1. Taking 40 Å² as the minimum loss, tell me which residues in region A:123-150 lose that much accessible area going from the chain by itself to the full protein complex (1.4 Å probe).
2. Under a point-charge model restricted to the Cβ atoms of Lys and Arg (+1) and Asp and Glu (-1), what is the dipole moment magnitude of the protein assembly as shown relative to its Cα centre, in debye to the nearest 20?
3. Dipole of chain B, Cα-centred, from +1 at each Lys and Arg C-beta and -1 at each Asp and Glu C-beta, to the nearest 20 debye?
4. How large is the accessible surface per residue of region B:165-278, computed with a 1.4 Å probe and reported in Å² as a whole number?
5. Provide the buried accessible surface between chains B and A in square angstrom, both chains summed, 1.4 Å probe, rounded to the nearest 100.
6. Whenever you get a sec, compute what percent of the accessible area on chain B sits on carbon and sulfur atoms (1.4 Å probe).
7. Using the heavy atoms of the protein chains and a 1.4 angstrom probe, tell me the accessible area per residue for chain A in square angstrom.
8. Using a simple charge model, +1 on the beta-carbon of Lys and Arg, -1 on the beta-carbon of Asp and Glu, nothing else, what dipole does region A:2-206 show about its Cα centre, in debye to the nearest 20?
Amino acid sequence: MIAVIDYGMGNLRSVQKALEAVGARAVVTRKPAEILSASSVVLPGVGAFKDCMANLCQFGLVDAVHKSIQSGKPFLGICLGLQLLFHQSQEFGQVPGLEVLPGDVVGFAGKIPDSVSGSALKIPHMGWNTVQVKKNNPLFKSIPDNSYFYFVHSYFVVPERSDDIATTTEYGIEFVSSIHHENIYAFQFHPEKSQKLGSTLLKNFSELQ
Amino acid sequence: MLAKRIIPCLDVKDGRVVKGVQFVNLRDAGDPVEIAAAYEKEGADELTFLDITASHEKRDTILDVVAHTAEKVFMPLTVGGGVRTIEDIRNLLKAGADKVAINTAAVHNPEFVGQAAKRFGSQCIVVAIDAKQVDAELSKTPPTLDWHDHHPDLFITESVNSPVWQVFTHGGRNPTGIDAVKWAKQMEAFGAGEILLTSMDRDGTKTGYDLALNRTVSEAVGVPVIASGGAGTLEHLYEGIVEGKADAVLAASIFHFKEFTIGETKLYLKSKNITVRI
(Lines give C-alpha, C1' and ligand atoms only; values in the text may rest on other atoms or scores of the structure.)
Protein backbone atom coordinates (compact mmCIF):
# COMPACT_ATOMS: atom_id res chain seq x y z
CA MET A 1 0.00 0.00 0.00
CA ILE A 2 1.30 3.44 -0.97
CA ALA A 3 0.43 6.27 1.41
CA VAL A 4 -0.31 9.61 -0.24
CA ILE A 5 0.14 12.20 2.49
CA ASP A 6 -2.88 14.45 2.88
CA TYR A 7 -2.04 17.75 4.51
CA GLY A 8 -4.73 19.84 2.92
CA MET A 9 -2.65 21.00 -0.02
CA GLY A 10 -2.85 19.81 -3.54
CA ASN A 11 -4.62 17.52 -5.86
CA LEU A 12 -4.40 14.31 -3.90
CA ARG A 13 -7.15 12.55 -5.74
CA SER A 14 -5.25 12.87 -9.02
CA VAL A 15 -2.14 11.34 -7.48
CA GLN A 16 -4.13 8.49 -6.00
CA LYS A 17 -6.02 7.78 -9.23
CA ALA A 18 -2.85 7.91 -11.31
CA LEU A 19 -1.22 5.37 -8.99
CA GLU A 20 -4.28 3.14 -9.11
CA ALA A 21 -4.35 3.36 -12.90
CA VAL A 22 -0.93 1.68 -13.03
CA GLY A 23 -2.08 -1.09 -10.72
CA ALA A 24 -0.81 0.23 -7.40
CA ARG A 25 -2.88 0.39 -4.25
CA ALA A 26 -2.89 3.86 -2.78
CA VAL A 27 -4.51 5.49 0.21
CA VAL A 28 -4.83 9.20 0.90
CA THR A 29 -4.14 9.68 4.58
CA ARG A 30 -3.11 12.05 7.31
CA LYS A 31 -2.75 9.36 9.98
CA PRO A 32 0.92 9.01 11.01
CA ALA A 33 0.40 5.28 11.78
CA GLU A 34 -0.90 4.62 8.28
CA ILE A 35 2.00 6.54 6.74
CA LEU A 36 4.54 4.63 8.84
CA SER A 37 3.07 1.22 7.99
CA ALA A 38 2.84 1.91 4.23
CA SER A 39 5.26 0.19 1.87
CA SER A 40 6.08 3.52 0.24
CA VAL A 41 5.10 7.14 0.68
CA VAL A 42 4.19 10.01 -1.65
CA LEU A 43 4.38 13.65 -0.58
CA PRO A 44 2.47 15.70 -3.16
CA GLY A 45 1.70 19.37 -2.94
CA VAL A 46 0.77 22.50 -4.78
CA GLY A 47 0.43 26.00 -3.43
CA ALA A 48 2.77 28.04 -1.30
CA PHE A 49 5.80 26.58 0.52
CA LYS A 50 5.03 28.40 3.74
CA ASP A 51 1.42 27.15 3.87
CA CYS A 52 2.50 23.59 3.10
CA MET A 53 5.07 23.57 5.89
CA ALA A 54 2.55 25.11 8.28
CA ASN A 55 -0.01 22.43 7.41
CA LEU A 56 2.49 19.59 7.79
CA CYS A 57 3.32 20.92 11.24
CA GLN A 58 -0.31 21.54 12.17
CA PHE A 59 -1.36 18.01 11.21
CA GLY A 60 1.60 16.55 13.11
CA LEU A 61 3.06 14.95 9.99
CA VAL A 62 6.63 16.24 10.03
CA ASP A 63 7.80 13.39 12.22
CA ALA A 64 6.05 10.77 10.05
CA VAL A 65 7.78 12.14 6.94
CA HIS A 66 11.19 12.03 8.60
CA LYS A 67 10.66 8.53 9.98
CA SER A 68 9.41 7.24 6.61
CA ILE A 69 12.52 8.53 4.91
CA GLN A 70 14.80 7.17 7.64
CA SER A 71 13.16 3.74 7.41
CA GLY A 72 14.58 3.39 3.91
CA LYS A 73 11.28 2.75 2.12
CA PRO A 74 10.69 4.41 -1.25
CA PHE A 75 9.68 8.04 -0.84
CA LEU A 76 8.39 10.24 -3.66
CA GLY A 77 8.05 14.01 -3.52
CA ILE A 78 6.05 15.79 -6.20
CA CYS A 79 6.35 19.52 -7.01
CA LEU A 80 6.16 21.24 -3.62
CA GLY A 81 6.78 17.80 -2.13
CA LEU A 82 10.23 18.05 -3.72
CA GLN A 83 10.89 21.58 -2.53
CA LEU A 84 9.82 20.82 1.05
CA LEU A 85 12.65 18.27 1.41
CA PHE A 86 15.25 21.03 1.28
CA HIS A 87 16.62 23.36 3.93
CA GLN A 88 14.73 26.52 3.23
CA SER A 89 12.77 28.43 0.66
CA GLN A 90 12.99 32.06 -0.35
CA GLU A 91 9.27 32.12 -1.14
CA PHE A 92 7.78 34.79 1.16
CA GLY A 93 11.08 35.40 2.97
CA GLN A 94 13.24 32.61 4.40
CA VAL A 95 11.03 29.69 5.39
CA PRO A 96 12.64 26.52 6.78
CA GLY A 97 11.76 23.24 5.08
CA LEU A 98 11.99 19.62 6.24
CA GLU A 99 15.80 19.80 5.97
CA VAL A 100 16.17 16.26 4.64
CA LEU A 101 18.42 17.30 1.75
CA PRO A 102 21.00 20.11 1.76
CA GLY A 103 20.15 23.01 -0.50
CA ASP A 104 17.69 25.83 -0.97
CA VAL A 105 14.58 26.70 -2.95
CA VAL A 106 14.83 29.85 -5.06
CA GLY A 107 12.57 31.71 -7.49
CA PHE A 108 12.82 32.12 -11.25
CA ALA A 109 12.13 35.82 -10.89
CA GLY A 110 15.29 37.78 -11.60
CA LYS A 111 17.20 34.57 -12.35
CA ILE A 112 16.43 34.39 -16.05
CA PRO A 113 18.81 36.55 -18.06
CA ASP A 114 17.09 38.64 -20.74
CA SER A 115 19.87 37.79 -23.17
CA VAL A 116 18.71 34.16 -23.09
CA SER A 117 15.00 34.69 -23.31
CA GLY A 118 14.93 37.60 -25.73
CA SER A 119 11.71 38.73 -24.19
CA ALA A 120 10.99 38.05 -20.54
CA LEU A 121 9.88 34.48 -19.86
CA LYS A 122 6.54 33.99 -18.19
CA ILE A 123 6.33 32.97 -14.53
CA PRO A 124 4.97 30.51 -13.42
CA HIS A 125 6.89 28.09 -15.62
CA MET A 126 3.71 26.40 -16.81
CA GLY A 127 3.31 23.64 -19.35
CA TRP A 128 5.20 20.75 -20.92
CA ASN A 129 8.99 20.86 -20.90
CA THR A 130 11.71 18.28 -21.52
CA VAL A 131 13.85 16.70 -18.83
CA GLN A 132 17.47 15.75 -19.37
CA VAL A 133 18.59 12.68 -17.43
CA LYS A 134 21.82 13.33 -15.52
CA LYS A 135 22.06 10.17 -13.47
CA ASN A 136 20.79 6.63 -13.88
CA ASN A 137 17.71 6.18 -11.80
CA PRO A 138 15.28 3.24 -11.64
CA LEU A 139 12.30 5.59 -12.01
CA PHE A 140 13.42 6.60 -15.50
CA LYS A 141 13.43 3.02 -16.72
CA SER A 142 11.75 2.91 -20.19
CA ILE A 143 11.65 6.72 -20.36
CA PRO A 144 13.58 8.24 -23.26
CA ASP A 145 15.93 11.13 -22.49
CA ASN A 146 14.43 14.57 -23.27
CA SER A 147 10.86 13.40 -22.68
CA TYR A 148 8.16 15.98 -21.96
CA PHE A 149 6.53 16.35 -18.53
CA TYR A 150 4.02 18.85 -17.16
CA PHE A 151 5.36 21.64 -14.94
CA VAL A 152 3.71 24.41 -12.98
CA HIS A 153 5.93 26.28 -10.53
CA SER A 154 7.69 29.57 -9.86
CA TYR A 155 10.45 28.22 -7.60
CA PHE A 156 13.04 25.48 -8.02
CA VAL A 157 15.58 23.64 -5.88
CA VAL A 158 19.32 24.25 -5.80
CA PRO A 159 20.82 21.15 -4.16
CA GLU A 160 24.20 21.45 -2.44
CA ARG A 161 25.26 17.98 -3.59
CA SER A 162 25.42 17.56 -7.36
CA ASP A 163 25.10 13.81 -6.71
CA ASP A 164 21.47 14.36 -5.76
CA ILE A 165 20.56 15.72 -9.20
CA ALA A 166 18.67 13.17 -11.32
CA THR A 167 17.43 15.40 -14.15
CA THR A 168 17.60 19.02 -15.25
CA THR A 169 15.37 21.16 -17.44
CA GLU A 170 15.87 24.41 -19.37
CA TYR A 171 13.71 27.43 -18.79
CA GLY A 172 15.87 30.45 -19.48
CA ILE A 173 18.36 28.75 -17.18
CA GLU A 174 19.08 25.09 -16.47
CA PHE A 175 17.34 24.06 -13.25
CA VAL A 176 17.03 20.80 -11.32
CA SER A 177 13.80 19.02 -12.29
CA SER A 178 14.30 15.80 -10.29
CA ILE A 179 16.24 14.47 -7.38
CA HIS A 180 17.41 11.02 -6.36
CA HIS A 181 19.15 10.36 -3.08
CA GLU A 182 19.11 6.80 -1.71
CA ASN A 183 15.41 6.00 -1.15
CA ILE A 184 14.27 9.55 -1.93
CA TYR A 185 12.92 10.37 -5.38
CA ALA A 186 11.36 13.72 -6.18
CA PHE A 187 10.08 15.56 -9.24
CA GLN A 188 9.47 19.24 -9.81
CA PHE A 189 7.00 18.28 -12.55
CA HIS A 190 3.71 16.43 -12.11
CA PRO A 191 3.88 12.77 -13.18
CA GLU A 192 0.18 12.43 -12.34
CA LYS A 193 -0.58 15.05 -15.03
CA SER A 194 1.96 13.90 -17.60
CA GLN A 195 -0.13 11.34 -19.45
CA LYS A 196 1.58 8.11 -20.50
CA LEU A 197 5.16 8.88 -19.51
CA GLY A 198 4.06 10.20 -16.15
CA SER A 199 2.22 6.94 -15.59
CA THR A 200 5.39 5.03 -16.44
CA LEU A 201 7.28 6.97 -13.75
CA LEU A 202 4.60 6.21 -11.19
CA LYS A 203 4.56 2.55 -12.20
CA ASN A 204 8.33 2.40 -11.81
CA PHE A 205 8.00 3.98 -8.37
CA SER A 206 5.25 1.59 -7.32
CA GLU A 207 7.46 -1.35 -8.27
CA LEU A 208 10.38 -0.26 -6.07
CA GLN A 209 10.98 -2.48 -3.06
CA MET B 1 12.40 24.05 -24.07
CA LEU B 2 8.90 24.84 -22.88
CA ALA B 3 6.35 23.76 -25.48
CA LYS B 4 3.47 25.94 -26.64
CA ARG B 5 0.26 24.37 -25.40
CA ILE B 6 -2.69 23.30 -27.53
CA ILE B 7 -5.88 23.31 -25.47
CA PRO B 8 -9.24 22.02 -26.69
CA CYS B 9 -12.21 23.58 -24.92
CA LEU B 10 -15.50 21.81 -24.28
CA ASP B 11 -18.74 23.59 -23.47
CA VAL B 12 -20.55 21.50 -20.89
CA LYS B 13 -24.22 21.98 -20.08
CA ASP B 14 -26.04 19.89 -17.50
CA GLY B 15 -23.17 17.42 -17.60
CA ARG B 16 -23.22 17.01 -21.38
CA VAL B 17 -21.01 18.45 -24.08
CA VAL B 18 -22.87 20.84 -26.33
CA LYS B 19 -21.79 22.42 -29.64
CA GLY B 20 -21.62 19.04 -31.38
CA VAL B 21 -18.51 17.01 -31.31
CA GLN B 22 -17.72 14.75 -34.24
CA PHE B 23 -15.42 12.10 -32.95
CA VAL B 24 -15.49 8.74 -34.58
CA ASN B 25 -15.44 5.68 -32.35
CA LEU B 26 -17.20 7.39 -29.52
CA ARG B 27 -20.17 5.56 -28.09
CA ASP B 28 -21.59 8.80 -26.84
CA ALA B 29 -20.49 12.04 -28.47
CA GLY B 30 -22.03 14.08 -25.67
CA ASP B 31 -20.07 12.47 -22.87
CA PRO B 32 -17.35 14.84 -21.65
CA VAL B 33 -15.33 12.01 -20.13
CA GLU B 34 -15.15 10.09 -23.40
CA ILE B 35 -14.28 13.20 -25.36
CA ALA B 36 -11.61 14.14 -22.83
CA ALA B 37 -10.06 10.68 -23.18
CA ALA B 38 -10.12 11.01 -26.99
CA TYR B 39 -8.31 14.34 -26.78
CA GLU B 40 -5.73 12.88 -24.44
CA LYS B 41 -5.07 10.13 -26.96
CA GLU B 42 -4.59 12.73 -29.67
CA GLY B 43 -1.97 14.49 -27.56
CA ALA B 44 -3.82 17.55 -26.26
CA ASP B 45 -1.65 19.39 -23.73
CA GLU B 46 -4.46 20.46 -21.43
CA LEU B 47 -8.21 20.45 -21.41
CA THR B 48 -10.70 23.17 -20.53
CA PHE B 49 -14.32 22.63 -19.54
CA LEU B 50 -16.56 25.63 -19.74
CA ASP B 51 -19.67 24.97 -17.67
CA ILE B 52 -22.63 26.77 -19.23
CA THR B 53 -25.27 25.12 -17.06
CA ALA B 54 -27.91 27.73 -16.48
CA SER B 55 -30.01 26.37 -13.64
CA HIS B 56 -28.64 26.46 -10.13
CA GLU B 57 -30.11 23.06 -9.26
CA LYS B 58 -27.98 21.36 -11.86
CA ARG B 59 -24.75 23.15 -11.07
CA ASP B 60 -23.29 20.20 -9.18
CA THR B 61 -23.33 18.10 -12.34
CA ILE B 62 -20.02 19.67 -13.36
CA LEU B 63 -18.44 18.23 -10.21
CA ASP B 64 -19.40 14.71 -11.29
CA VAL B 65 -18.05 15.36 -14.76
CA VAL B 66 -14.76 16.63 -13.35
CA ALA B 67 -14.48 13.71 -10.92
CA HIS B 68 -15.06 11.11 -13.63
CA THR B 69 -12.68 12.87 -16.02
CA ALA B 70 -9.92 13.06 -13.42
CA GLU B 71 -10.19 9.31 -12.89
CA LYS B 72 -9.62 8.55 -16.54
CA VAL B 73 -7.51 11.35 -17.93
CA PHE B 74 -4.09 12.30 -16.58
CA MET B 75 -3.55 15.76 -17.95
CA PRO B 76 -4.17 19.27 -16.62
CA LEU B 77 -7.83 20.20 -16.47
CA THR B 78 -9.18 23.74 -16.17
CA VAL B 79 -12.83 24.37 -15.31
CA GLY B 80 -14.58 27.68 -15.82
CA GLY B 81 -18.12 29.00 -15.77
CA GLY B 82 -20.05 30.00 -12.69
CA VAL B 83 -17.08 30.00 -10.33
CA ARG B 84 -18.26 32.50 -7.73
CA THR B 85 -17.13 31.50 -4.26
CA ILE B 86 -14.15 30.04 -2.44
CA GLU B 87 -16.38 27.03 -1.84
CA ASP B 88 -16.94 26.61 -5.62
CA ILE B 89 -13.17 26.55 -6.13
CA ARG B 90 -12.58 24.15 -3.27
CA ASN B 91 -15.21 21.75 -4.65
CA LEU B 92 -13.82 21.83 -8.19
CA LEU B 93 -10.23 21.29 -7.08
CA LYS B 94 -11.32 18.52 -4.75
CA ALA B 95 -13.18 16.84 -7.59
CA GLY B 96 -9.97 16.80 -9.62
CA ALA B 97 -9.71 20.10 -11.50
CA ASP B 98 -6.18 21.51 -11.60
CA LYS B 99 -7.17 25.08 -12.32
CA VAL B 100 -10.33 27.14 -12.17
CA ALA B 101 -11.15 30.03 -14.46
CA ILE B 102 -12.81 33.04 -12.81
CA ASN B 103 -14.57 35.62 -14.95
CA THR B 104 -17.71 37.45 -13.84
CA ALA B 105 -17.01 36.95 -10.13
CA ALA B 106 -13.68 38.75 -10.55
CA VAL B 107 -15.38 41.73 -12.16
CA HIS B 108 -17.98 41.93 -9.40
CA ASN B 109 -15.34 41.61 -6.71
CA PRO B 110 -11.69 41.85 -7.80
CA GLU B 111 -10.53 41.00 -4.27
CA PHE B 112 -12.04 37.54 -4.77
CA VAL B 113 -9.15 36.67 -7.08
CA GLY B 114 -6.69 37.70 -4.38
CA GLN B 115 -8.49 35.62 -1.78
CA ALA B 116 -8.60 32.61 -4.09
CA ALA B 117 -4.91 32.87 -5.00
CA LYS B 118 -3.97 33.21 -1.36
CA ARG B 119 -6.02 30.21 -0.34
CA PHE B 120 -5.25 27.81 -3.21
CA GLY B 121 -2.11 29.21 -4.86
CA SER B 122 -1.74 31.29 -8.00
CA GLN B 123 -0.95 28.20 -10.06
CA CYS B 124 -4.60 27.14 -10.04
CA ILE B 125 -6.24 30.53 -10.48
CA VAL B 126 -6.91 31.47 -14.08
CA VAL B 127 -8.66 34.75 -14.76
CA ALA B 128 -10.81 34.58 -17.88
CA ILE B 129 -11.22 37.90 -19.67
CA ASP B 130 -13.83 38.42 -22.39
CA ALA B 131 -12.87 41.54 -24.33
CA LYS B 132 -14.23 43.58 -27.22
CA GLN B 133 -12.43 46.36 -29.01
CA VAL B 134 -13.92 49.77 -28.25
CA ASP B 135 -15.24 51.66 -31.26
CA ALA B 136 -14.00 55.14 -32.00
CA GLU B 137 -16.65 56.45 -29.68
CA LEU B 138 -16.98 54.56 -26.45
CA SER B 139 -20.52 53.42 -25.90
CA LYS B 140 -21.67 55.01 -22.68
CA THR B 141 -21.28 52.58 -19.84
CA PRO B 142 -22.36 53.81 -16.48
CA PRO B 143 -19.88 52.64 -13.85
CA THR B 144 -22.26 50.46 -11.90
CA LEU B 145 -19.61 48.35 -10.18
CA ASP B 146 -19.51 49.20 -6.50
CA TRP B 147 -15.71 49.07 -6.35
CA HIS B 148 -15.39 51.64 -9.15
CA ASP B 149 -14.15 54.40 -6.85
CA HIS B 150 -11.42 52.17 -5.40
CA HIS B 151 -9.81 51.50 -8.77
CA PRO B 152 -11.03 54.27 -11.11
CA ASP B 153 -7.81 53.86 -13.11
CA LEU B 154 -8.97 50.47 -14.40
CA PHE B 155 -11.83 51.99 -16.38
CA ILE B 156 -11.82 53.33 -19.90
CA THR B 157 -12.27 57.07 -19.59
CA GLU B 158 -12.22 58.46 -23.09
CA SER B 159 -12.04 57.42 -26.69
CA VAL B 160 -8.43 57.09 -27.70
CA ASN B 161 -6.42 56.67 -30.85
CA SER B 162 -4.62 53.43 -30.00
CA PRO B 163 -6.87 50.38 -29.71
CA VAL B 164 -8.62 49.82 -26.40
CA TRP B 165 -10.55 46.72 -25.39
CA GLN B 166 -13.42 46.60 -22.95
CA VAL B 167 -14.09 43.76 -20.53
CA PHE B 168 -17.49 42.09 -20.85
CA THR B 169 -19.21 39.62 -18.53
CA HIS B 170 -21.98 37.04 -18.90
CA GLY B 171 -20.62 35.57 -22.10
CA GLY B 172 -20.07 38.93 -23.76
CA ARG B 173 -23.48 40.41 -23.03
CA ASN B 174 -22.69 42.94 -20.32
CA PRO B 175 -20.17 45.75 -20.80
CA THR B 176 -18.23 46.78 -17.72
CA GLY B 177 -16.31 49.87 -18.79
CA ILE B 178 -13.09 48.16 -17.66
CA ASP B 179 -9.98 48.39 -19.82
CA ALA B 180 -8.99 44.79 -20.58
CA VAL B 181 -5.22 45.39 -20.59
CA LYS B 182 -5.25 47.24 -17.27
CA TRP B 183 -7.57 44.58 -15.91
CA ALA B 184 -5.17 41.79 -16.89
CA LYS B 185 -2.35 43.55 -15.05
CA GLN B 186 -4.51 44.10 -11.99
CA MET B 187 -5.55 40.44 -11.97
CA GLU B 188 -1.89 39.40 -12.14
CA ALA B 189 -1.16 41.73 -9.23
CA PHE B 190 -3.95 40.05 -7.25
CA GLY B 191 -2.40 36.65 -7.86
CA ALA B 192 -3.85 35.23 -11.08
CA GLY B 193 -1.43 32.59 -12.38
CA GLU B 194 -2.66 32.68 -15.94
CA ILE B 195 -4.92 34.77 -18.19
CA LEU B 196 -7.46 33.15 -20.52
CA LEU B 197 -8.12 35.91 -23.04
CA THR B 198 -11.13 35.65 -25.32
CA SER B 199 -11.90 38.12 -28.08
CA MET B 200 -15.67 38.50 -28.19
CA ASP B 201 -15.28 40.18 -31.58
CA ARG B 202 -13.72 37.04 -33.01
CA ASP B 203 -15.36 34.28 -30.98
CA GLY B 204 -17.22 31.94 -33.32
CA THR B 205 -16.16 33.81 -36.48
CA LYS B 206 -13.26 31.55 -37.50
CA THR B 207 -11.40 34.61 -38.75
CA GLY B 208 -8.45 34.22 -36.38
CA TYR B 209 -7.55 35.48 -32.93
CA ASP B 210 -7.48 39.21 -32.18
CA LEU B 211 -3.70 39.36 -32.44
CA ALA B 212 -3.33 42.96 -31.32
CA LEU B 213 -5.37 42.25 -28.18
CA ASN B 214 -3.36 39.15 -27.44
CA ARG B 215 0.00 40.74 -28.00
CA THR B 216 -0.87 43.80 -25.94
CA VAL B 217 -2.01 41.73 -22.98
CA SER B 218 0.81 39.19 -23.27
CA GLU B 219 3.42 41.95 -23.24
CA ALA B 220 1.70 43.70 -20.35
CA VAL B 221 1.71 40.75 -17.93
CA GLY B 222 4.35 38.35 -16.63
CA VAL B 223 2.05 35.33 -16.39
CA PRO B 224 1.15 33.01 -19.28
CA VAL B 225 -1.65 34.12 -21.62
CA ILE B 226 -3.97 31.71 -23.44
CA ALA B 227 -5.37 33.05 -26.73
CA SER B 228 -9.01 32.23 -27.35
CA GLY B 229 -11.80 33.18 -29.73
CA GLY B 230 -11.67 33.01 -33.51
CA ALA B 231 -9.40 30.11 -34.44
CA GLY B 232 -10.59 28.60 -37.72
CA THR B 233 -7.40 27.35 -39.34
CA LEU B 234 -4.03 26.00 -38.26
CA GLU B 235 -2.45 29.21 -39.46
CA HIS B 236 -4.59 31.09 -36.93
CA LEU B 237 -3.02 29.03 -34.16
CA TYR B 238 0.44 29.81 -35.53
CA GLU B 239 -0.34 33.54 -35.70
CA GLY B 240 -1.71 33.48 -32.17
CA ILE B 241 1.60 32.12 -30.90
CA VAL B 242 3.98 34.17 -33.03
CA GLU B 243 2.16 37.49 -33.55
CA GLY B 244 -0.19 37.29 -30.59
CA LYS B 245 2.67 36.10 -28.33
CA ALA B 246 0.35 33.57 -26.72
CA ASP B 247 1.83 30.91 -24.45
CA ALA B 248 -1.05 28.58 -25.27
CA VAL B 249 -3.85 28.49 -27.81
CA LEU B 250 -7.38 27.40 -27.02
CA ALA B 251 -9.84 26.29 -29.66
CA ALA B 252 -13.13 24.48 -29.77
CA SER B 253 -14.75 23.96 -33.13
CA ILE B 254 -11.71 23.16 -35.28
CA PHE B 255 -10.97 20.21 -33.03
CA HIS B 256 -14.53 19.12 -32.29
CA PHE B 257 -15.56 18.90 -35.90
CA LYS B 258 -12.43 16.99 -36.76
CA GLU B 259 -11.30 19.60 -39.22
CA PHE B 260 -7.88 18.95 -37.71
CA THR B 261 -6.66 16.52 -35.11
CA ILE B 262 -4.37 17.71 -32.34
CA GLY B 263 -1.64 15.58 -33.93
CA GLU B 264 -1.98 17.32 -37.31
CA THR B 265 -2.02 20.67 -35.56
CA LYS B 266 1.23 19.96 -33.77
CA LEU B 267 2.99 18.66 -36.89
CA TYR B 268 1.98 21.83 -38.71
CA LEU B 269 3.27 24.06 -35.91
CA LYS B 270 6.48 22.07 -35.67
CA SER B 271 7.06 22.52 -39.41
CA LYS B 272 6.85 26.26 -38.72
CA ASN B 273 9.51 25.99 -35.99
CA ILE B 274 7.16 26.27 -33.03
CA THR B 275 8.17 24.11 -30.05
CA VAL B 276 5.35 21.66 -29.42
CA ARG B 277 5.17 18.36 -27.56
CA ILE B 278 4.81 15.51 -30.03
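The values are calculated or read from the model by the stated rules, or taken from the named source; none is laboratory data. Just so you know, these numbers come straight off a predicted model, no measurement behind them. Here the Cβ positions follow ideal geometry from the backbone for every residue, glycine too, while neighbour counts run over all protein chains shown. Ligands, DNA and RNA are stripped out before the accessible areas are found, and what is left, the full protein with its side chains, is counted by its heavy atoms. Shrake-Rupley method; radii C 1.70, N 1.55, O 1.52, S 1.80 Å.
1. Those are A:Pro124, A:Met126, A:Trp128, A:Tyr148, A:Tyr150, which lose 40 Å² or more relative to the chain on its own.
2. So the magnitude is around 980 debye.
3. Value, rounded to 20: 520 debye.
4. Numbers: 4000 Å² over 114 residues.
Accessible surface, normalised per residue, equals 35 Å².
5. 2500
6. Here carbon and sulfur together make up 50 percent of the probe-accessible area.
7. Details: 7900 Å² over 209 residues.
Averaged over the residues of chain A, the accessible area is 38 Å².
8. 640
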